[in-house]
Amino acid sequence: MVRLTVLGSGDAFGSGGRLHSAYLIEAPGTTFLLDCGPSVLQSMKRLGRDPAALDAVLVSHLHGDHFGGIPFLFMEYRYESARTRPLVIRGPRETERRVRALFAALYEQTAAEPMTYPVRYEEMTPGGTYASGGVTIDAFAVPHAPELTALGYRIEVAGRRILYSGDSAWTPDFVAQSRGVDLFLCECSTYETRLPIHLSYPEIADHAPELGCKRLVLSHLGREPLRHLGEITLECARDGMTFDL
């Protein structure tokens, strides 16, 4: 069985009191995060999940609500649950530089000290396929902030397939990538407002019949869709929700 737990289903502004983007994936032989927002430790500990169990972190793009929790993992492993085994951090280009810079900005002295465990960075490119530890990841570019490389991911682990939009406007790649996946986690930042960098609920609803996924779940919910929850007919994530695939 593969279990995905929603650690944070909110947007950058914590709309509705929801926590920042983070999803815990647990499968035979591996446990990893899909995005790692700043509230990741609070969520894991509230749900009784052990941060020490993490093997890896997979980051969709380098906005703070998606990778800002990594320095807090570093602090956890230094002072709360001493770590010796490697941690793998995967993400788009510039991931290593940005993570190191953020750690130094938040905890200057600790960041200057040697790590007590190996940290391995793997920077991913659109169109690439990466396989390690029983997990296969197909990375593809999504339209978000033009100054960044923003990635969506199709992940296969233990015979289950998960599609993750990251932060993105609509792209036809979602139709192709959704074929045969067990779960598509799709961002839904707005309702009335249309933006070139995010998805609105009406856009997703219009395209939903084209998708080939077994289950579509909306997340990264902003204040507009939260105001309209009574009208939304597609499934929406909430903090603490679990999916057994």
- Taking region 177-207 and the residues there that are assigned to a helix (DSSP H, G or I) and polar (S, T, N, Q), the one that is farthest from Thr129 (Cα to Cα) would be Ser178
- Would you mention how many residues in region 42-83 are assigned to a loop (DSSP other than H, G, I, E, B) and either at pLDDT 95 or above or open to solvent by less than 40 Å² (accessible area, probe 1.4 Å) (or both)? 15
- Task: Residue by residue through region 13-29, note down the ones that are surrounded by fewer than 18 Cβ atoms within 10 Å (Cβ to Cβ) and either part of a loop (DSSP other than H, G, I, E, B) or touching an Asp or Glu at 6+ places or on another chain (Cβ under 6 Å) (or both).
- Result: Phe13, Gly14, Pro28, Gly29
- How many of the residues in region 142-168 are in contact with a strand residue (DSSP E or B) (Cβ under 7 Å, 6 or more places away or on another chain) and without any contact (Cβ under 8 Å) to a residue 24 or more places away in the chain? 2
- Query: Residue check: is Leu148 under 17 Å from the mean Cα position of the chain (by Cα) and more than 17 Å from Phe32 (Cα to Cα)?
  - Reply: yes
- Message: I'm trying to understand the selection: among the residues of region 191-201, which are surrounded by 14 or more Cβ atoms within 10 Å (Cβ to Cβ) and either within 20 Å of the chain's Cα centre (by Cα) or without any contact (Cβ under 8 Å) to a residue 24 or more places away in the chain (or both)?
- Response: Ile197, His198, Leu199, Ser200, Tyr201
- Message: Of everything in region 96-121, what is open to solvent by 50 Å² or more (accessible area, probe 1.4 Å), closer than 28 Å to His198 by Cα and touching a strand residue (DSSP E or B) at 6+ places or on another chain (Cβ under 7 Å)? Give them in sequence order.
- Response: Glu96
- Is it true that Asp239 is open to solvent by less than 30 Å² (accessible area, probe 1.4 Å) and in contact with a strand residue (DSSP E or B) (Cβ under 7 Å, 6 or more places away or on another chain)? no
- Task: Look through region 219-231, keep the residues that are touching a helix residue (DSSP H, G or I) at 6+ places or on another chain (Cβ under 6 Å) and not charged (D, E, K, R), and return whichever of them is most open to solvent (accessible area, probe 1.4 Å).
- Result: Leu226
- Taking into account only those residues within region 164-176 that are of a type outside the set (Val, Ile, Thr) and part of a loop (DSSP other than H, G, I, E, B), which is most open to solvent (accessible area, probe 1.4 Å)? Pro172
- Query: Can you pull out the residues in region 89-134 that are in contact with a Leu (Cβ under 8 Å, 6 or more places away or on another chain), touching a residue at least 40 places away in the same chain (Cβ under 8 Å) and not in a strand (DSSP E or B)?
  - Reply: Glu94, Tyr117
- Task: Report, ordered by the first and then the second residue, all pairs with beta carbons closer than 7 Å, sequence separation of six or more or different chains, a first member in region 231-245 that is under 17 Å from Tyr191 (Cα atoms), and a second member that is outside any loop (DSSP other than H, G, I, E, B) and among the hydroxyl-bearing types (Ser, Thr, Tyr).
- Result: Ile232/Tyr201; Ala237/Ser219
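The values are calculated or read from the model by the stated rules, or taken from the named source; none is laboratory data. Computed from a prediction, not measured in an experiment: that's the story for all the values here. Don't worry about glycine lacking a Cβ; one is built from the backbone with ideal geometry, like all the others, and counts go over all protein chains shown. Side chains are part of the model used for accessible areas, which takes the heavy atoms of the whole protein and leaves out ligands, DNA and RNA. Shrake-Rupley method; radii C 1.70, N 1.55, O 1.52, S 1.80 Å.
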